[in-house]
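Notes for the one structure printed next.
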Amino acid sequence: MEGGGGKRRRSEGGGHEAPEEEEEDRISDLPDALRLQILSLLPLKSAIRTGALSSRWRGLWEQRWPEPSSVRVRLPPGAAGAAARVEQFGLIDRRGRRRVDCFSLAFHGGQLAQPDLRRCLDYAAACEVEDLQLRLDGGSGRGSRGGGGGGATRGRGMLTVHFPVGSRLLARLSVRGLNLTAAANAMVATLEVIHLHSVFLTDAALRRVVGACPRLRELDLRYCRRLRRIDFSAVGVPNLRSFTVVDCSRTTEVRVLVAPRLRSFRFSGAFLSSNILSGAGGSLEHLYICSGGPETGLPPTNLPTSVLNLSNLSVLTLCSIALQYISASTAKAVTESKLHSLRELHFLMFGMANSNLADIYSFLKTCSFPQLERFFVQLPTNIRDSFTENFLEVAEEDPPKGGLENLWLAKMTNFKGHRNEMQLVEFLLRKSSLKKLLLIAPTEDHPQGLRKIQSDVLPNLLKTEIMHLERASANTQIIFSEPDGPHIQPLHSEVFVRF
């Protein structure tokens with residue numbers, strides 16, 4: 001290379017060195033059409049990563065196909081659905097079997113027969129789909145038992161998805177309102193995300209699906225009411241990072257013994273006789289536990305009490321019944337808490353009677369939170385003061401004396417100024433150096449369902465009383481309106497029960 005600018009290397013014959021030519025980036029010098037052809041042969045994730053090669057590759061993946069990279073079939077309800085079916089299936093035929101990132105099919109009961117569904121799945125597989133979304137609407141919505149596998153038995157004529165679906169690049173699968181069966185000894189090495197909502201499948205079928213996906217990192221099960229025993233102890237989920245179980249009402253056991261990378265577990269429903277925390281909780285960082293209903297006694301479970309042993313936990317959301325379990329357990333025996341890494345704590349309170357306030361105080365005293373920064377309390381929406389309707393004779397619990405030195409944000413939603421709510425406010429102001437305390441009045445749905453409206457602005461007399469409360473820090477801001485933006489929202493802002 002002229003000018004001596006190249007690198008030099010020692011020659012084979014002795015001490016003389018010869019210049020070494022710099023490698024040429026011949027692939028980046030190819031015409032755009034050829035580079036787009038290369039990108040079209042790559043999975044979506046790999047195609048996106050080529051943007052790091054050089055400025056000439058950055059954003060090129062977005063142009064890799066002249067045809068739309070997503071195919072979305074939507075069939076409206078009623079008579080219009082039949083015409084839309086003919087039109088959209090015709091568009092699929094004319095498009096041909098080119099590669100597709102996302103194939104989405106949404107329809108209503110009675111609009112498609114099993115051969116129609118099979119045709120769509122075969123087309124998606126032939127196009128090597130990476131994101132497959134199948135949704136049956138009507139009768140299979142949240143909490144429904146009909147029209148989508150929500151019931152205890154398979155509905156006559158219900159459509160079935162047979163797993164695996166055939167695409168060698170499938171990375172994400174979402175199914176709602178359909179039956180799901182699974183072949184034995186299947187293998188889908190690319191599948192990383194599975195969402196099942198109101199799906200009819202057996203315990204064995206779920207085990208086969210999970211066992212076929214060694215790269216599975218996210219599993220979301222909601223309203224799958226046929227499931228009884230979610231047990232992956234035999235198959236293992238070595239790459240699972242996020243696991244959600246919501247209102248799978250017949251489920252009595254969740255066992256995941258091999259999940260070394262599990263970071264997030266969200267559970268809403270009846271408490272379990274055995275659970276994930278007993279075998280795979282060491283790596284958990286985010287935990288959500290909610291009973292999903294009013295207090296109906298305390299059946300045997302170790303789910304809430306095992307929370308205290310999760311030393312890596314940074315975000316914790318508990319309902320008032322989970323708090324009751326922990327309070328009852330710690331009252332019987334001295335329990336050491338390992339929640340020293342916790343930074344965010346969120347309570348979902350179905351009631352705010354003396355016993356509920358005592359459970360909050362008991363939890364705060366049992367656990368040490370040297371790093372706690374954010375504290376959220378979602379209060380019940382009932383307009384009655386729970387203090388005046390105590391059905392249990394519970395001695396008042398003294399508030400903790402400290403442990404909240406690093407707390408800078410507290411937010412109480414559905415705040416009405418009732419007696420026990422005010423006691424919690426007084427405690428937070430006296431025992432922590434808060435920067436912000438947000439007290440948000442209840443909201444209710446707009447009559448037309450368009451938005452939420454504030455149902456009862458806090459009286460000025462109550463605001464004045466709160467502003468004159470004793471504070472540990474004179475700089476604490478007390479805010480009575482919901483601020484804009486997500487920065488004041490808890491990590492677990494999606495709550496699976498109504499208050």
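The values are calculated or read from the model by the stated rules, or taken from the named source; none is laboratory data. Computed from a predicted structure; not experimentally measured. Cβ placement follows ideal geometry from the backbone for every residue including glycine, while neighbour counts extend to all protein chains displayed. These accessible areas exclude ligands, DNA and RNA; they are computed on the full protein's heavy atoms, side chains included. Shrake-Rupley method; radii C 1.70, N 1.55, O 1.52, S 1.80 Å.
For the range 437-453, filtered to residues that are out of contact with any Asp or Glu (no Cβ under 7 Å at 6 or more places or on another chain) and buried (at least 16 other Cβ atoms within 10 Å of the Cβ), the residue that is modelled with the lowest pLDDT is T443. A single member of E465, E470, E482 is surrounded by 12 or more Cβ atoms within 10 Å (Cβ to Cβ), modelled with pLDDT of 90 or more and acidic (D, E), and it is E465. Is at least one residue of the range 275-287 at pLDDT below 90, surrounded by 23 or more Cβ atoms within 10 Å (Cβ to Cβ) and part of a loop (DSSP other than H, G, I, E, B)? Yes, some residue in the range 275-287 is at pLDDT below 90, surrounded by 23 or more Cβ atoms within 10 Å (Cβ to Cβ) and part of a loop (DSSP other than H, G, I, E, B). Of the residues making up the range 198-216, just one is in contact (Cβ under 8 Å) with a residue 40 or more places away in the chain and more than 17 Å from V165 (Cα to Cα), namely S198. Number of residues in the range 239-260 that are of a type in the set (V, I, T), over 16 Å from Y223 (Cβ atoms) and surrounded by 22 or more Cβ atoms within 10 Å (Cβ to Cβ): the value is 1.
Pairing residues of the range 338-358 that are under 13 Å from C319 (Cα atoms) with residues that are aliphatic (A, V, I, L, M) and in a loop (DSSP other than H, G, I, E, B), at Cβ distances under 8 Å and at least 6 apart in sequence or on separate chains, gives L345/L372; H346/L491; L348/V495; L348/V497; M349/L379; M352/L379; N356/M349. Across the range 221-238, the number of residues qualifying as open to solvent by 10 Å² or more (accessible area, probe 1.4 Å) and assigned to a strand (DSSP E or B) comes to 3.
Residue-level check: of (1) surrounded by 14 or more Cβ atoms within 10 Å (Cβ to Cβ); (2) at pLDDT below 60; (3) in a strand (DSSP E or B), V71 misses just (2). The sole residue among A106, A82 that is of a type outside the set (D, E, K, R) and at pLDDT below 85 is A82. Among F387, F375, F369, which is at pLDDT 95 or above and of a type outside the set (D, E)? Selected residue: F375, the only one of F387, F375, F369 that is at pLDDT 95 or above and of a type outside the set (D, E).
Among the conditions (1) within 30 Å of V199 (Cβ to Cβ); (2) modelled with pLDDT of 75 or more; (3) of a type in the set (S, T, Y); (4) touching a Lys or Arg at 6+ places or on another chain (Cβ under 7 Å), S268 misses just one, which is (4). The test for being under 27 Å from L136 (Cα atoms), free of Cβ contacts under 8 Å to residues at least 40 places away in the same chain and open to solvent by less than 10 Å² (accessible area, probe 1.4 Å) holds for V193.
Yes/no matrix, rows are residues, columns are (1) within 28 Å of the chain's Cα centre (by Cα); (2) under 21 Å from R176 (Cα atoms); (3) outside any loop (DSSP other than H, G, I, E, B):
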| position | (1), (2), (3) |
| --- | --- |
| L91 | no, no, yes |
| S104 | yes, yes, yes |
| G110 | no, yes, no |
| A124 | yes, yes, yes |
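Here is a yes/no grid of residues against (1) at pLDDT 95 or above; (2) in contact with a strand residue (DSSP E or B) (Cβ under 9 Å, 6 or more places away or on another chain); (3) at negative phi:
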{"position": "R135", "(1), (2), (3)": "yes, yes, yes"}
{"position": "G138", "(1), (2), (3)": "no, yes, no"}
{"position": "G149", "(1), (2), (3)": "no, yes, no"}
{"position": "T153", "(1), (2), (3)": "no, yes, yes"}
{"position": "A183", "(1), (2), (3)": "no, yes, yes"}
{"position": "V193", "(1), (2), (3)": "yes, yes, yes"}
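Count of the range 184-209 residues, restricted to those that are of a type in the set (G, A, S) and assigned to a helix (DSSP H, G or I), is 2. Selection over the range 402-420 of residues that are modelled with pLDDT of 90 or more, assigned to a loop (DSSP other than H, G, I, E, B) and in contact with a Leu (Cβ under 7 Å, 6 or more places away or on another chain) gives a count of 6. For the range 44-58, enumerate the residues that are in a loop (DSSP other than H, G, I, E, B) and open to solvent by less than 40 Å² (accessible area, probe 1.4 Å). Selection gives S54, W57. Restricting attention to the range 289-305 and to residues that are under 20 Å from L372 (Cα atoms) and open to solvent by less than 20 Å² (accessible area, probe 1.4 Å), the residue that is modelled with the highest pLDDT turns out to be I289. For R172, the criteria (1) modelled with pLDDT of 90 or more; (2) open to solvent by less than 10 Å² (accessible area, probe 1.4 Å); (3) within 23 Å of the chain's Cα centre (by Cα) hold in every case but one, which is (2).
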